[in-house]
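Below you'll find the structure, written out as structure tokens, and then a few comments.
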């Protein structure tokens, strides 16, 4: 079973937060089957289930999504609104822009910006809007941003540099083991610098997955290592999210997945016994069936939305998928109703 390692310093921070909220931190850890010795500075490694139990318990008791990092508690209802804005964003760059817009209407939400500069982008947490007690807490806050980003796009996010507002503590390394990147201390804000193209990566999670994230918060820490095993599903999500905007080519899909087109095709064929074309056909087939069953659009409009150059091309493809024409299938669905 995969475990998440928690630095010893977090024990002191957890104790401080619990005292501020009038909670018994030791009891909560025991209920989650985590050794309370963690509070005394002993390192801990916790399972996905333990992450879920502790996170949900703290949220239930404090009602604060910032876990004490904001000047005032950030209620869970605020996250639901923010998550809905993310769910309706096509790319991560659009999601950061919406975060900034929502933040103007919700001052309690920590300020976060994404700025492009040439080939790189800087994603920053405004230190003045947060209580960042030390480098460990700040590094974990940035790691949380990266993990949510990775979860939303179902791909690993590589960080080039980390900027921390604190001075470098004695004995502190200038490299993050957590984010696998060099650290620069004494900056104006807490930030990560990465490839600007990552802002154009599509969000692959569904609205239901995003808005229900708090029910399974452990996903953002543990799911990242299984993304390659979900490769066909990721390809299908990219295609599905593009319907109505032009069906992506193999190169488009490979670029979104940070893979070479040949490597993508080879991996799908050798490891999963499928191909981009098969996944594309399956996705378009499913969407065609859904539309024809609902009768919400004309055959010509459906054909265009699915990316076919003309209705006859769609008809041939649909007949290949089902053995019937779109019109026959639609009439059959109506007769059943």
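Between residue 80 and residue 251, what FRET efficiency follows from the Cβ-Cβ distance if R0 is 41 Å, with the result rounded to 0.05?
Once the sixth-power term is evaluated, E becomes 0.65.
Report the dimensions of the chain along its three principal axes from the alpha-carbon atoms, largest first, rounded to Å.
70, 45, 43
Obtain the nm distance between the two label points defined at residue 269 and residue 208 by a simple spin-label model: each point lies 7 Å from its Cα along the Cα-to-C-beta direction.
Going from the residue 269 label point to the residue 208 one covers 3.5 nm.
Quick check: the angle from helix 135-153's long axis to the longest principal axis of the chain, C-alpha only, nearest 10 degrees?
Taking the Cα atoms of the chain, the angle to 135-153 is about 10 degrees.
Efficiency by 1/(1 + (r/R0)^6): what FRET value for residue 102 and residue 177, r their Cβ-Cβ distance, R0 = 25 Å, to the nearest 0.05?
Rounded to the nearest 0.05, the efficiency is 0.15.
How far is it, in nm, from the label point at residue 4 to the one at residue 57 when both lie 7 Å from their Cα along the line to the Cβ?
Result for the modelled spin labels: 1.5 nm.
Rounded, prolate or oblate, given the Cα gyration tensor of the range 1-62, with a/c below 1.5 counting as rounded?
oblate
Given 0.36 nm per residue, what is the gain on full extension from residue 240 to residue 37 after removing their alpha carbon distance, in nm?
68.3 nm
How tilted is helix 9-21 with respect to the longest principal axis of the chain? Cα atoms for both, answer in degrees (0 to 90, nearest 10).
Compared with the principal axis, the helix lies near 90 degrees.
Calculated from DSSP H runs of 4 or more alone, at -39500 (n - 2.57) each and per residue, what is the 222 nm mean residue ellipticity of the chain, nearest 500?
-15500 deg cm²/dmol
Enter the angle in degrees (range 0 to 90, nearest 10) between the Cα long axis of helix 231-242 and the first principal axis of the Cα atoms of the chain, meaning the one along which they spread out most.
It works out to around 70 degrees.
The numbers here are math on the coordinates, done by the rules we state, and not lab data. Keep in mind it's a predicted model, so treat the numbers as computed, not measured. Quick reminder, even Gly has a Cβ in these numbers, built from the backbone with ideal geometry, and neighbours come from all protein chains shown.
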